[in-house]
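Novice: Provided herewith is a single structure, encoded as structure tokens, for subsequent inquiry.
The values are calculated or read from the model by the stated rules, or taken from the named source; none is laboratory data. Note that the structure is a prediction, hence the values are computed from the model and not measured. Cβ sites come from the backbone with ideal geometry, for glycine too, and all protein chains shown count toward neighbours. When the accessible area is computed, the model is the full protein with side chains, heavy atoms only, and any ligands, DNA or RNA have been set aside. Shrake-Rupley method; radii C 1.70, N 1.55, O 1.52, S 1.80 Å.
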Amino acid sequence: MMTQFDITDAPSEADLAAIGEGLTAFNAADIGPSERRSLAVLIRDENGKTIGGISGYTAWGWLFTQWLFVPETLRGQGTAGKLLEAAEAEAAARGCFGAWIDTFNPQALRAYQRQGYAIFGELPNFPVGRTRFFLQKKLSPR
């Protein structure tokens, strides 16, 4: 079989789908289906416009928070904690027993630790001058 590597910074949706579908099929055969489902908790303004929130997914009994953004006007009011609590409650209702998140922001790190997340790994200089922290928390499935 003749193959080649094509390096690009603009893969097509079909290219990404081929990689994702292949990996999903491999993992399902190896350890079983992930039952991956998106999970978002949105912050909306008075006009219904999304201005922040959480985006992630549940899979294999875990909640992964990929993005968490709190607008500056809502920071320092426990908003991140409320977002995490809502996402964790939904994840637990889906049967999840754990949650994980990562950050290189010192303020976010403290917020996650206040919510009961514990560091399980570090990646120094990612980005340069910062450390990326990986945190996890046990959940009680419902």
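Novice: Probe of 1.4 angstrom, ligands and nucleic acids ignored: what's the accessible area per residue over segment 35-138, in square angstrom?
Specialist: Averaged over the residues of segment 35-138, the accessible area is 61 Å².
Novice: On a 0 to 90 degree scale, rounded to 10, what angle separates helix 13-31 from the longest Cα axis of the chain?
Specialist: 90 degrees
Novice: Please list, in chain and number order, the residues 5+ apart from R132 or on another chain whose amide H is under 5 Å from its amide H, with Hs placed from the backbone.
Specialist: L123, N125, F126
Novice: Given the options A118, A93, A18, state which has the largest fluctuation in a GNM of the chain using a 10 Å cut-off (strictly under) for Cα springs.
Specialist: A18
Novice: While we're looking at this one, here's another question. Provide the net charge surrounding P33, with neighbours chosen by a C-beta distance below 15 Å and charges set as Lys +1, Arg +1, Asp -1, Glu -1.
Specialist: Residues close to P33 contribute a combined charge of 0.
Novice: Return the single residue from F104, F120, F26 with maximal mean-square fluctuation; model: Gaussian network over the chain, springs between Cα atoms under 10 Å.
Specialist: Comparing F104, F120, F26 in a Gaussian network model of the chain, the most mobile one is F26.
Novice: If you don't mind, another one. For a quick check: with amide H placed at 1.01 Å from N, whose amide H comes under 5 Å from I51's, ignoring anything fewer than 5 positions away on the same chain?
Specialist: I43, R44, D45
Novice: Also: Carbon and sulfur: what percent of the chain's accessible surface (1.4 Å probe)?
Specialist: 55 percent
Novice: Go through 60-71, 130-141 and give me the packing order, highest mean Cβ count within 10 Å leading.
Specialist: 60-71, 130-141
Novice: With a cut-off of 8 Å between alpha carbons and a minimum separation of six or more residues, what is the relative contact order of segment 35-138 in percent?
Specialist: In percent, rounded to a whole number, it is 21.
Novice: While we're looking at this one, here's another question. Just name one of F64, L84, G129: the one whose Cα is farthest towards the positive end of the charge dipole of segment 35-138 (beta-carbon charges, Lys/Arg +1, Asp/Glu -1).
Specialist: G129
Novice: If you count only protein heavy atoms and use a 1.4 Å probe, how large is the accessible surface of T73, to the nearest 10 Å²?
Specialist: Counting only protein heavy atoms, T73 exposes about 110 Å² to solvent.
Novice: Among [x] 15.8; [y] 17.2; [z] 19.5, find the value of Kirkwood radius over Cα pairs in Å that was calculated from the structure presented, and write down its label.
Specialist: Only one option fits the structure, namely [y].
Novice: Which net charge results for the neighbourhood of G98, defined as the other residues with beta-carbon distances under 11 angstrom from its beta-carbon, given Lys and Arg at +1 and Asp and Glu at -1?
Specialist: Residues close to G98 contribute a combined charge of +1.
Novice: For segment 52-69, in order, what is each residue's ³J(HN,Hα) by Karplus, 6.51 cos²θ - 1.76 cosθ + 1.60 with θ = phi - 60°, in whole Hz (x at glycine and Pro)?
Specialist: x, x, 10, 9, x, 7, 10, 6, 6, x, 10, 9, 10, 8, 7, 10, 9, 9
Novice: Right, next: Taking a point 7 angstrom from the Cα of K82 along the C-beta vector, which residues in segment 24-65 have backbone N less than 11 Å away?
Specialist: Inside the label zone: 43-44.
Novice: For every helix of n ≥ 4 consecutive DSSP H residues, a contribution of -39,500 (n - 2.57) applies; sum these over the chain, divide by its total residues, and give [θ] at 222 nm rounded to the nearest 500 deg cm²/dmol.
Specialist: After summing the helix terms and dividing by residue count, I get -10000 deg cm²/dmol.
Novice: Could I ask something else about it? Report, ordered by chain and residue number, the aspartates and glutamates lying within cross-link reach of K49, taken as a straight Cα distance under 18 Å and ignoring same-chain residues fewer than 8 apart.
Specialist: Filter leaves E72.
Novice: Hey, in the GNM for the chain with a 10 angstrom Cα cutoff, which one of G56, G78, G95 fluctuates hardest?
Specialist: Residue with maximal mean-square fluctuation among G56, G78, G95: G78.
Novice: Same structure, new question: For labels at E21 and W100 in the simple 7 Å Cα→Cβ model, what's the distance in nm?
Specialist: For E21 paired with W100, the spin-label model returns 2.8 nm.
Novice: Sort segment 8-56 into rounded, prolate or oblate with this rule: let a ≥ b ≥ c be the square roots of the eigenvalues of the Cα gyration tensor; rounded if a/c is under 1.5, and if a/c is not under 1.5, prolate when a/b is larger than b/c, oblate otherwise.
Specialist: Here segment 8-56 falls in the oblate category.
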